[in-house]
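> Before I ask anything, here is the structure I am working with.
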Amino acid sequence: MRSFLIFLVLWNTSTTSWSQRFVDHTEAAGIQHFFEVYEGMFGGGVAVLDFNNDGFEDLYLTGGMQEDQLLENQKDGTFKNVFHQAGLTSALGFVTQGVATADFNRDGWMDLFITTITTITTKGEKKSIPRAQNLIFINKKDGAFEEQSKSFGISKSESFSTGIAIGDINLDGYPDVYVGNYFTDYDGGLKEISDATIVNAGKTAKGYLYENKGGKKFEEVSKKYNLSHRGFSFGGIFTDFDNDHDMDLIINNDFGYKAKPNYLLQNQFPEKKFSYVEEARKMDLRINAMGGATADLNADSYLDYFITNIRFNRFMIQYPEENIFIDQAETLGTQLFTISWGANFTDFDQDGDLDLFVANGDLNPNCVPMYNFYFENENSTFQEHSGEVGLKDYGVGRGSVVFDLENDGDMDLLVVSQKPIRPYGPPSITRLYKNEMAKGNALQVKLRGNASTLSAFGSRIELYADSLYINHEIDGGNTSHLSHNSRIAHFGLGKRTTVDSLRVTWPGGESQFLYQIPVNQKITVVETNVFQDKKKTNYEILVAFLIIGIGVIVFFKVKKKSLPN
Amino acid sequence: MGLLGLLLVQCEPLPDNIPDHEVAAQWADMTLYITKNTPANSPTFASRCLGYLGLAQYEAVVHSDPKYQSLVDQLNDLNTLPKPDTNQQYNWLLVLNHSQSTLLKSIYLQTSDENKQKIDSLEQRLSKILIKNTTAASAQRSLAFGKKLAEHLLEWSKTDGGHRGYLENFDPDYEREPFPGSWKPPLFAQSFSHNPLHHFWGENRTFAPTNTLLELPEFIPYDPAKGSPYYQEFEAVYKKERTLSQEEKEAAIWWSDDPDVTFSPGGHLYFIATALVRKNKPDLITTTKTFASVGMSVADAFIKCWKWKYHFFSERPNTFIPEFINQKWESFWPDPPFPAFPSGHAIQAAAAAKALLGTFENKTSFIDSAHVGRERDHVRGVEFKARAYSTIWSIAEETASSRFYGGIHTPQDNSVGLEQGVLIANNILNLKWKK
């Protein structure tokens, strides 16, 4: 039996040089978008998904007070907004915030989870307590979606929700969800509005941990899993920080220095429980944590985390021998004064190390222009080169994603920006940047989960090529800020022409190995472990028992009949 | 007695008697409990409530003492209040008890039902004790008079500009054209709102007419040049933050009085008034005059302070220092969401301390246990330990200095705050309390 399945897509080796950079491709791609806030600083995300399974990655952008957009990749570097045709119009009644994508019902097609903070009335009236349900759109496989928030059981909670993280917390193959909430929520809806309810509305919130029940329903299981935290939260990031092959959870909280700090929840799988370990691991950041990015920066096989903040971002490097994290932002050269939201690690120039993009923007209504950062990895420290590479945009940045726009093998970038509330000098629009700086070789790896979730959220890919070791975790969303990067793993290799080996470790710990892989191609690795639907299995067992039972009864009856009188 | 003590007392068997000052102090405790435990509170709104509740204490008992008189016709727009029937007997402590309960529940309309039940419980408990020494008719009369008094005070309060002010903490439509040295919403912030708190508060009605007329204080003009008087103000803050002693850190944290988790700066001074009352046991009229003068001084101090804050709309050290001295600098304590000059802490502490000097000698030693029992400040590594003082004025000075240690106020914010606070309290003390 083959130990792995593999599909190959080859692309031409890049002939670009250092003098080429990122090209602002927004207009050429036909993108016209900005996020409009409801009131205050909140919102603006984008998810990368191939919603029509045509092999090109599409984008879903939230718009806040503006219409959301579903941008279908036209395979020629342009996009077409098919939001209305795709049956997404029920999102128009809401002020949307974040978005993430998964195949929630395991039918092979990517679905959408969208957070909202309030409804939009036709009269433009604002609620005294802005809250609303979140939205699930299930892919109908025909280019359209159907809203199924009600049947999934999430429509009764009225919340002020932010980031969506997706991971299979119980390893049953169905993607589970953690939704961050900023202000306190109302389970079952907000029934009465009095002065007392209004003054209580500004309190910290709990998040929602949704266990996916057979792809048909979400059950809120915070209590069952021992979750008791609150916070002004921008949501969580599912990640296996302790390398024990289950999904742990980092919770990013705003105002950590006076309300609730960041949390680190260690999954106790197979027990259905998370334990709070942020203090022991020194991850109880008491900052304005807005978002983050995951990478094994120092290639020690343990993941590190870049957490965005107001003023100075944190670069939390993991020290596994001591079981702690230490902020190394200053040493690593990323400690620059700004206000950051999105962050994305990838090897933009394909020289064999991870670079870092950071989306910055003022709080809005504060409207001081501040530019985005491009940190080039130079011998394991970072140099800010946004000006040199054409990324010095002064828009009011929020969520950002990396993905491969044209299937040319390098990673492009999209940054959502808000419309400034107050007078603002530079333009502030969502921008798409085409990567024209990638010079080295690269390999893209797409995982196709089988026993795991279809997107294989939380799987690890470890790549070895010469002395190079890269350790990548498949993104479950809400890394960056309110956004969801491509799940296609990208490995920059510099001049290396062969990948010696690739180890894929699926959630749960089963590994598959590939050897001697040529570069400059996209491979798809399919999980060999097969999916076992517990419900189906139970049903089959039940049927089997019934058959046996009937058989036994029939046997005895027949036997009885056959006995002589 | 602390707030915990208050709750314990409610579970104890009823005594036959209760000292007069203790009835007033227990209502001050309850006022502080509600202030602390009602969300969306602010130093401005809290100070207003202290003004009305303190005044209500005094007006409830003023007719018990022939030497004293009501403040009707002496305070802005207060032209009438219910008068007792001079031919009938009243239990003035019951009047105080019922008027405090009624006013506290209605002025803190937004507090939880659970908190309103706590207020009712205290009213019932004190009523059961006090009724032992009074006739049923007198008790009934006192109840009716107390409630009527509270209702009048509430109606009067509705026209001062701050009624239900918690619904308008941060006006999203408020805009100010930026200018050099203007306030910028904080990055290291106490509040998630980026609009400043209660921009209209300076237009609210003061208690004392003379406080309405106070003149604008002087402000050192903006000049970012190194060595200028303006620059030196911020340089002093910057240098202090670099050399903070543990003692100074403790003061900075102790007096921070964040309205999200405490009874706010005004409440802290009202708390000290309860400590001094319990220690010195003044008679009832003096006790209630103390709460009235502290409450109204603090309330007027915040109104004047806000008027000047929004007149000058001046920047905080967290804006100036990163721009002109050191970009990586951050204050020890996060910025509150409103402009700097003058310091609200300084002005209200000076006003309250001066008001307290109307009752007590400056050389009065006491222990301030306002925050004892609070979880230590993890971010700054500071415990909440009781603090001892030997003079009343020292609390005003320490409150002002604490904001300098916290890195959120310059020396001039504090010195002007202290000066003006004294003037404001003098205008309260100079009302004709006695006939």
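> In the range B:321-350, which residues are out of contact with any Lys or Arg (no Cβ under 9 Å at 6 or more places or on another chain) and away from chain A (no Cβ under 14 Å)?
The answer is B:Gln348, B:Ala349, B:Ala350.
> I want to confirm something. Restricting to the range A:198-243 and keeping residues that are within 14 Å of another protein chain (Cβ to nearest Cβ), open to solvent by 10 Å² or more (accessible area, probe 1.4 Å) and part of a strand (DSSP E or B), which single residue is nearest to A:Asp185 (Cα to Cα)?
A:Thr204
> Okay, moving on. Going through A:Gly87, A:Gly108 one at a time, which residue ends up being more than 23 Å from A:Asn407 (Cα to Cα) and in a loop (DSSP other than H, G, I, E, B)?
That would be A:Gly87, the only listed residue that is more than 23 Å from A:Asn407 (Cα to Cα) and in a loop (DSSP other than H, G, I, E, B).
> I'd like to verify a number: residues in the range B:363-373 that are in a loop (DSSP other than H, G, I, E, B) and either touching a residue at least 60 places away in the same chain (Cβ under 8 Å) or crowded, with 17+ Cβ neighbours inside 10 Å (or both), how many?
Matching residues across the range B:363-373 total 6.
> Among the residues of the range B:158-168, are any in a helix (DSSP H, G or I), away from every other protein chain (no Cβ under 14 Å) and open to solvent by 50 Å² or more (accessible area, probe 1.4 Å)?
no
> Of all residues in the range B:378-392, count the ones that are more than 17 Å from B:Phe263 (Cα to Cα) and open to solvent by less than 60 Å² (accessible area, probe 1.4 Å).
Qualifying residue count, the range B:378-392: 7.
> Taking B:Pro84 as meeting all but one of (1) touching a His at 6+ places or on another chain (Cβ under 7 Å); (2) open to solvent by 70 Å² or more (accessible area, probe 1.4 Å), write down the number of the exception.
Against the list (1) touching a His at 6+ places or on another chain (Cβ under 7 Å); (2) open to solvent by 70 Å² or more (accessible area, probe 1.4 Å), B:Pro84 comes up short only on (2).
> Now for a different question. Regarding A:Gly189, is this residue in a loop (DSSP other than H, G, I, E, B), within 14 Å of chain B (Cβ to nearest Cβ), in contact (Cβ under 8 Å) with a residue 12 or more places away in the chain and out of contact with any helix residue (DSSP H, G or I) (no Cβ under 8 Å at 6 or more places or on another chain)?
Answer is no for this residue.
> Restricting to the range A:271-313, give me the number of residues that are touching a Leu at 6+ places or on another chain (Cβ under 8 Å), buried (at least 20 other Cβ atoms within 10 Å of the Cβ) and not in a loop (DSSP other than H, G, I, E, B).
Going through the range A:271-313 one residue at a time, the tally reaches 9.
> Among the residues that make up the range A:471-486, is at least one of them of a type in the set (A, V, I, L, M), open to solvent by 10 Å² or more (accessible area, probe 1.4 Å) and in contact (Cβ under 8 Å) with a residue 12 or more places away in the chain?
no
> Also, I was wondering about something else. Going residue by residue through the range B:323-333, is there one that turns out to be among the small types (Gly, Ala, Ser) and within 19 Å of B:Phe219 (Cβ to Cβ)?
The answer is no; no qualifying residue exists.
> Then there's this: Go through the range A:105-119 residue by residue and tally those that are in contact with a strand residue (DSSP E or B) (Cβ under 6 Å, 6 or more places away or on another chain), open to solvent by 20 Å² or more (accessible area, probe 1.4 Å) and closer than 22 Å to A:Ser157 by Cα.
Number satisfying all stated conditions: 1.
> Sort through A:Ser511, A:Ser467, A:Ser483 and tell me the only one that's among the polar types (S, T, N, Q) and either under 15 Å from the mean Cα position of the chain (by Cα) or within 24 Å of A:Leu49 (Cβ to Cβ) (or both).
A:Ser483
> Here's a follow-up. Report, by residue number, each residue of the range A:328-344 that is in contact (Cβ under 8 Å) with a residue 24 or more places away in the chain and over 21 Å from A:Gly395 (Cβ atoms).
The answer is A:Thr331, A:Leu332, A:Gly333.
> Let me ask something additional. Restricting the search to the range A:224-271, which residues are at pLDDT below 95 and aromatic (Phe, Trp, Tyr)?
Hits for the range A:224-271 are A:Phe255, A:Tyr257.
> Sticking with this structure for a sec: From the set of residues in the range A:168-186 that are hydroxyl-bearing (Ser, Thr, Tyr) and within 14 Å of chain B (Cβ to nearest Cβ), which is surrounded by the most Cβ atoms within 10 Å (Cβ to Cβ)?
The qualifying residue surrounded by the most Cβ atoms within 10 Å (Cβ to Cβ) is A:Tyr182.
> If you take the residues of the range B:102-132 that are under 22 Å from B:Tyr90 (Cα atoms) and loosely packed, with under 14 Cβ neighbours inside 10 Å, which of them is farthest from the chain's Cα centre (by Cα)?
Per the criteria, the residue is B:Lys132.
> Among (1) among the basic types (Lys, Arg); (2) in contact with a Gly (Cβ under 6 Å, 6 or more places away or on another chain); (3) more than 25 Å from B:Asp260 (Cβ to Cβ), there is one condition B:Lys363 misses while meeting the rest; what is its number?
(2) is the only condition that B:Lys363 fails.
> Follow-up question, since we're still on this one. So, B:Glu375, is that one closer than 30 Å to B:Phe312 by Cβ and of a type in the set (D, E, K, R) or not?
Here the answer is no, as B:Glu375 does not meet what is asked.
> Those residues that are away from chain A (no Cβ under 14 Å) and not in a loop (DSSP other than H, G, I, E, B), I need them from the range B:374-399; list them, please.
Passing the criteria: B:Arg387, B:Ala388, B:Tyr389, B:Trp393, B:Ser394, B:Ile395, B:Ala396, B:Glu397, B:Glu398, B:Thr399.
> Just one of the numbered conditions (1) under 25 Å from the mean Cα position of the chain (by Cα); (2) away from every other protein chain (no Cβ under 14 Å) is not true of B:Gly181; which one?
Here B:Gly181 meets the rest and fails (1).
> Same structure again: Restricting attention to the range B:316-330, report how many residues are surrounded by 23 or more Cβ atoms within 10 Å (Cβ to Cβ) and either among the acidic types (Asp, Glu) or in contact with an Asp or Glu (Cβ under 7 Å, 6 or more places away or on another chain) (or both).
Total meeting the criteria: 2.
> Looking only at the range B:19-63, filter to residues that are within 14 Å of another protein chain (Cβ to nearest Cβ) and not in a loop (DSSP other than H, G, I, E, B); which one of those is farthest from B:Trp433 (Cα to Cα)?
For the range B:19-63, the residue satisfying everything is B:Lys36.
> All but one of (1) small (Gly, Ala, Ser); (2) within 20 Å of B:Gln232 (Cα to Cα); (3) in a loop (DSSP other than H, G, I, E, B); (4) within 21 Å of the chain's Cα centre (by Cα) hold for B:Ser402; which doesn't?
Exception for B:Ser402: condition (3).
> So, one more: Taking the residues in the range A:55-84 that are acidic (Asp, Glu) and assigned to a strand (DSSP E or B) as candidates, determine which candidate is least open to solvent (accessible area, probe 1.4 Å).
Ranking the qualifying residues of the range A:55-84, first place goes to A:Asp58.
The values are calculated or read from the model by the stated rules, or taken from the named source; none is laboratory data. It should be emphasised that the depicted structure is a prediction, and the values quoted were computed from it without experimental measurement. Every residue, glycine among them, receives a Cβ derived from its backbone with ideal geometry; neighbour counts consider all protein chains shown. Each accessible area value is taken on the protein alone, full model and side chains, heavy atoms only, with ligands, DNA and RNA left out. Shrake-Rupley method; radii C 1.70, N 1.55, O 1.52, S 1.80 Å.
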